[in-house]
Each structure stands twice: as C-alpha cells, then as structure tokens.
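I have placed the structure first, in the form of structure tokens, so that the comments after it can refer back to it.
The values are calculated or read from the model by the stated rules, or taken from the named source; none is laboratory data. These numbers were taken from a predicted model, which means no experiment stands behind them. Here the Cβ positions follow ideal geometry from the backbone for every residue, glycine too, while neighbour counts run over all protein chains shown. With ligands, DNA and RNA removed, areas are computed over all heavy atoms of the protein, side chains included. Shrake-Rupley method; radii C 1.70, N 1.55, O 1.52, S 1.80 Å.
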Amino acid sequence: MPEYNDALEARIPTDSPDNVRQVLLHAWSRDLTTLKELLSQPGAASEQDPKTGETPLHAVVRGCGPSEQAADDAAAEGEEEEDGVVAEARACIQELFFSGAIWNDVDNHNETPGCTAWRLGQKQLYQMFVDAGVRAELLFGLMDGYEQLSSGEEEEEEEADADMEEAEQQAQTKEEGAPTKEKEEALPAGEEPAQFVPPDAGEKTVTSDEYLQSTVTYDGGKLLDDDLNGVMMAWETDIMRRSVAALLPDPTPGKRILNIGFGMGIVDGLFAARSPAKHHIVEAHPGVLAHVARGGTRFGADWEQGGPEPDAFKMFHGRWQDVVQTLMERGELYDAIYFDTFGEDYAELRSFFTDYVPVLLDMDGRFGFFNGLGADRRVCYDVYAQVVELHASEAGLDIAWESIDVDMSQLDEDGKGEWEGVRRRYWTLDTYKLPICTFMG
C-alpha cells in the first residue's frame, strides 16, 4: 500500500492557478456558500490542480480527514451516525454533482474521490460516489441506445430529463478536457494553462477484435496477449473453484454445463471433475484453439470422443455471439452456465445474460461469470455490482453475492509476484464478489 500525504499544503500547492486553488480551498473547508458562487463559473466543479490532480470532490473528502468511527462493520453498512462534518461534506458533494463534477476523475495517485473516501473510512461519503457512479452508468447506457426512460408522471419525466442533462454535462466536460473560454481569455497571449494528466492516461483498451487477432502465449501460470495483458492467470483458480461449487451445489454427476471462454482451461477442469453428462465450451481465439489441438490441455479430440453420447463433450470454435445462436436453435439447456471472456466490455456481458441466458439456462439452473468488472478500483467494482443487479432483474434473474477473501500477498504490487511479466494489474481488491444468478421466483 503506497503512502499518501493528505495534508492541505501537499494537495493544493501555493502555485496552483488561482481559480483552481480557490475552488479547491473552499471545497476543502466545506464552505458551501462561497463554493456555490465559484461553481457558477463553467467547468469549476471539475477543475484539477495541474500537479496533484486534486479535484473539488477529492478536496471535500480529504478535508474531512480520517473517520473516527471505530465500528468498521457498522460503517460498512452505512450505519454510522452522521456528524456535522460529514453533513457539510455531503451537502458540498451534492452541489458539486449538480454543477457537473465527475465522480470518477483520478488524482496523481490514481485515486478517485470515492477511493479516497474509502481509504479514509468515510463510508457515507463513499456511498455517495457509488450512487453517482450507478446513476452515471445507467444514464450513459441510455445515451448509447439502451431503452429510453418513460413514465406517465410528468414530475418523473422532468427528473429523468434533469438527470440526463447532468450526465450529458459530465460527459461533455470529461470529453473536452480543455479550459473554458473565460479561462483562456485570462491567460497571457500564447500561454496554455497547465493541464493535469492522469497516471493511466496512456492506457490502451484492448478490444475483442484486437485480442482475437493477437498472438497469445502460455507462460507457466499465465496466458498473455501481444501486449502482455493477463488474459487469464493461475491465481484465479480459487475463485473459479468457488464459482463451480456455487453453480453446482449438488455434487451428483450428470449435470449439463456451458462455459464461454476457455483460456487456460481452469474452470473447465473443475467442471469436468464433476462428471457432467454434457460439457460444452465456446472459445474464439485461434491461438488458444491451436494450443488445445496440440494437446496442450486435456480438452482435445480424445476428450470430445469420450463423451457419453455424440457432441456431449465439445469445444465449439468461434465467437460466442455466433455459437449460442446454434445452441439455441438446437434447443440446448444447461444446469450451469459460466461466462469469462477477454477484451469485451460490460455491454457484451449484459447482452449475454439478457438475451441468451433466459433461453439456455434450465429453470432450476445457475449462471455465473468472472466478476472482474471495475476490479482495479473498489468504487468502480461496487458500482458495477449494483448496475449488474439492476440489469439482471430486468432479465428475470436474481443475484446472490458470495464474498471471497483474496490473498493479496502476491498481487499487491505492479510487476511483482503474480504480476511479474504482466503489463498491468487487472485486480487490486482483497475481496471478490462471486455472483450466483438464478431465475426469479
């Protein structure tokens, strides 16, 4: 765990631009009256110090200092008693959100305001950022073409429109990342204002198409792509063992299993140990399929021929979006379905459990997935957990979460332990939320 200097003089340097320094200082001191006046300037709510990346949201949280609550279990449930400092901070944070502050901007330590709130034990403030993240994710989803909100109540329509306007304002502010016209005019001719560059600004997002065109390498307990991204790693084995146990609580042999994404074959080895009557695997990467064909795993031709009947044991080659269409046309049903792909975003997972799981899963069956959504930051992880719950309920699915402790002794530092030879950590949390999805009712 890195050491943080949360002192005011460290976070808001004296050489910070005056307009930035003023809004940060008044946010830090929770001076709501003056803060409102400063927020009348466009973009003020999302200003960042050029050196520290401190935003007004960070400043509000940091200005509260570490929580004095001793009952961590009660705090985790949001049961701590709200004191005056927290009440003032909540009012300032709400005002900043109304003015377009971005809930997940990061500082020079790569912390979002919510991450800072969690680290300082300010759980009520942390929950505000989780709620803001859920709201933003749902609204951004709507703007990307999901089903539009509708209501017969005029008041609800107005609230939805206001929320949409807030999300659009945040998206525009985030996208532009440039000084406003008013600020530009205050600068000497030809001089550009200093801009904060997040530590992960150069991170490359790997798409599914790019991944499928890359060369993969099996390196001991790791499956890596061209850019040394960890596609799958052996440290995930305990999580997958617990997932299989949760998806198949009845140890009786003869279950029907579908797994999307083979990778290193970890979860399929655990499924196979349950002696299923049907075991179908979908894998799209040519390099992984070639590894299987060369005998790199037990799931080759001999395994397929060893099924209790033709095609009972089978690895389907291709993208799951294409293969599951065939499975549905054949009327296949499964007792357990697991989903763990690489290079796909949440929209693909949502499409799978919304459009396909209700058709492929037996009424008494269970669905699960590798829950790595936003797992590089706790606040993002908690946001996605709530978003998944909401979308799953629309698909007629209940989600129960099982909390699993993750041994971080070899996972806590980039480039070391399990991450040696891997470009970046995709997991930073000491608790894994294992999802178990079943049909409602």
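I'm trying to understand the selection: among the residues of the stretch 270-282, which are of a type in the set (A, V, I, L, M) and open to solvent by less than 10 Å² (accessible area, probe 1.4 Å)?
Within the stretch 270-282, ILE281, VAL282 meet the criteria.
Only one of these is open to solvent by 80 Å² or more (accessible area, probe 1.4 Å), at negative phi and modelled with pLDDT of 50 or more: ASP163, ASP144. Name it.
None of the other options fit; the residue is ASP144.
All but one of (1) hydrophobic (A, V, I, L, M, F, W, C); (2) under 27 Å from ARG423 (Cβ atoms); (3) without any contact (Cβ under 8 Å) to a residue 40 or more places away in the chain; (4) open to solvent by 40 Å² or more (accessible area, probe 1.4 Å) hold for LEU289; state the number of the condition that does not hold.
Only one criterion in (1) hydrophobic (A, V, I, L, M, F, W, C); (2) under 27 Å from ARG423 (Cβ atoms); (3) without any contact (Cβ under 8 Å) to a residue 40 or more places away in the chain; (4) open to solvent by 40 Å² or more (accessible area, probe 1.4 Å) is unmet by LEU289, namely (4).
Mind telling me which of the residues SER243, SER275 ends up being among the hydroxyl-bearing types (Ser, Thr, Tyr), farther than 18 Å from VAL216 by Cβ and without any contact (Cβ under 8 Å) to a residue 60 or more places away in the chain?
Sole residue among the options that is among the hydroxyl-bearing types (Ser, Thr, Tyr), farther than 18 Å from VAL216 by Cβ and without any contact (Cβ under 8 Å) to a residue 60 or more places away in the chain: SER275.
For the stretch 292-330: of the residues being of a type in the set (A, V, I, L, M) and without any contact (Cβ under 8 Å) to a residue 24 or more places away in the chain, which is surrounded by the most Cβ atoms within 10 Å (Cβ to Cβ)?
The extreme case among them is ALA293.
So the check is Cβ under 6 Å with 6+ separation or different chains; which pairs have a first residue in the stretch 350-365 that's under 16 Å from TRP320 (Cβ atoms) and surrounded by 14 or more Cβ atoms within 10 Å (Cβ to Cβ) and a second one that's at pLDDT below 95 and of a type in the set (D, E, K, R)?
Once the first residue is under 16 Å from TRP320 (Cβ atoms) and surrounded by 14 or more Cβ atoms within 10 Å (Cβ to Cβ) and sits in the stretch 350-365, no partner that is at pLDDT below 95 and of a type in the set (D, E, K, R) comes close enough.
Do you know which of the residues in the stretch 381-393 that are hydrophobic (A, V, I, L, M, F, W, C) and open to solvent by less than 20 Å² (accessible area, probe 1.4 Å) is nearest to PHE439 (Cα to Cα)?
ALA392
Every residue in the stretch 409-441 that is among the charged types (D, E, K, R) and either open to solvent by less than 50 Å² (accessible area, probe 1.4 Å) or within 27 Å of GLU394 (Cβ to Cβ) (or both), please.
Of everything in the stretch 409-441, those that are among the charged types (D, E, K, R) and either open to solvent by less than 50 Å² (accessible area, probe 1.4 Å) or within 27 Å of GLU394 (Cβ to Cβ) (or both) turn out to be ARG425, LYS433.
List the strands (runs of 3 or more DSSP E) that sit entirely inside the stretch 335-441 and contain at least 2 residues that are among the charged types (D, E, K, R).
In the stretch 335-441, the matching strands (runs of 3 or more DSSP E) lie at 361-369, 397-405.
Checking the structure you have, find out if any residue of the stretch 65-79 is closer than 20 Å to TRP28 by Cβ and either modelled with pLDDT under 95 or of a type in the set (Ser, Thr, Tyr) (or both).
yes
Find all pairs meeting these conditions: Cβ atoms under 9 angstrom apart; at least six residues apart or on different chains; first residue within the stretch 1-29 and charged (D, E, K, R); second residue open to solvent by 50 Å² or more (accessible area, probe 1.4 Å) and part of a loop (DSSP other than H, G, I, E, B).
Final answer for the pair search is ASP6/PRO66; ARG11/ASN5; ASP15/LYS51; ARG21/THR14; ARG21/ASP15.
Search the stretch 395-414 for residues that are free of Cβ contacts under 8 Å to residues at least 40 places away in the same chain and pair each with any residue that is surrounded by fewer than 14 Cβ atoms within 10 Å (Cβ to Cβ) and assigned to a loop (DSSP other than H, G, I, E, B) when their beta-carbon atoms are under 6 Å apart and the residues are at least 6 apart or on different chains.
MET408/ASP430
So, in the stretch 282-332, of the ones that are more than 28 Å from ASP219 (Cβ to Cβ) and of a type in the set (Asp, Glu), which residue ends up farthest from the chain's Cα centre (by Cα)?
In this case the residue turns out to be GLU309.
Would you say GLY220 is at positive phi and without any contact (Cβ under 8 Å) to a residue 24 or more places away in the chain?
So GLY220 fits the description; yes.
Taking the stretch 94-122, which residues are closer than 18 Å to TYR384 by Cα and in contact with a Gly (Cβ under 6 Å, 6 or more places away or on another chain)?
If the condition is that a residue be closer than 18 Å to TYR384 by Cα and in contact with a Gly (Cβ under 6 Å, 6 or more places away or on another chain), then TRP103 is the only one that fits.
Do we find a residue being in contact (Cβ under 8 Å) with a residue 60 or more places away in the chain, open to solvent by 10 Å² or more (accessible area, probe 1.4 Å) and more than 23 Å from the chain's Cα centre (by Cα) anywhere in the stretch 258-269?
Checking the stretch 258-269: not a single residue is in contact (Cβ under 8 Å) with a residue 60 or more places away in the chain, open to solvent by 10 Å² or more (accessible area, probe 1.4 Å) and more than 23 Å from the chain's Cα centre (by Cα).
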